[in-house]
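Here is the structure we will look at.
The values are calculated or read from the model by the stated rules, or taken from the named source; none is laboratory data. Predicted model, so just to flag it, every value in this text is computed and none were measured. Note that each Cβ is placed from the backbone with ideal geometry, even for glycine, and that neighbours are counted across all protein chains shown. Calculation scope for accessible area: heavy atoms of the full protein, side chains included, ligands and nucleic acids excluded. Shrake-Rupley method; radii C 1.70, N 1.55, O 1.52, S 1.80 Å.
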Amino acid sequence: MDVSSIASLATSMAETGVKQEVGYAVLKKAQQMEGQVAAQLISALPQPQRLPANLGNTINTTA
């Protein structure tokens with residue numbers, strides 16, 4: 001191998017590492033944004049109604 005091949009290989013490896021780091025940063029940012037959207041959706045849900053105390057105490061097992 002000559003010096004130019006080694007330099008080209010080193011540059012290629014460095015570029016690959018930078019591309020991977022950028023990809024991870026983009027993925028992390030996308031996951032953060034998805035988490036924020038999910039939290040907003042959950043907070044936008046209406047509060048459950050208060051049901052009478054007699055509802056939900058028995059299960060009808062005959063079908």
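Relative to the longest principal axis of the C-alpha atoms of the chain, give the angle of the C-alpha long axis of helix 3-44, reported between 0 and 90° and rounded to the nearest 10°.
Roughly 10 degrees, rounded to the nearest 10.
Which of Asn57, Tyr24, Ser4 sits farthest toward the positive end of the charge dipole of the chain, with +1 on the Cβ of Lys and Arg and -1 on the Cβ of Asp and Glu?
Of Asn57, Tyr24, Ser4, it is Asn57.
What is the ratio of the Cα radius of gyration of the chain to 2.2 N^0.38 Å, where N is its residue count, to two decimals?
That works out to 2.65 for the chain.
Rounded to the nearest percent, how much of the accessible area of the chain (1.4 Å probe, protein heavy atoms only) is carbon and sulfur?
The nonpolar share, carbon plus sulfur, comes to 62 percent.
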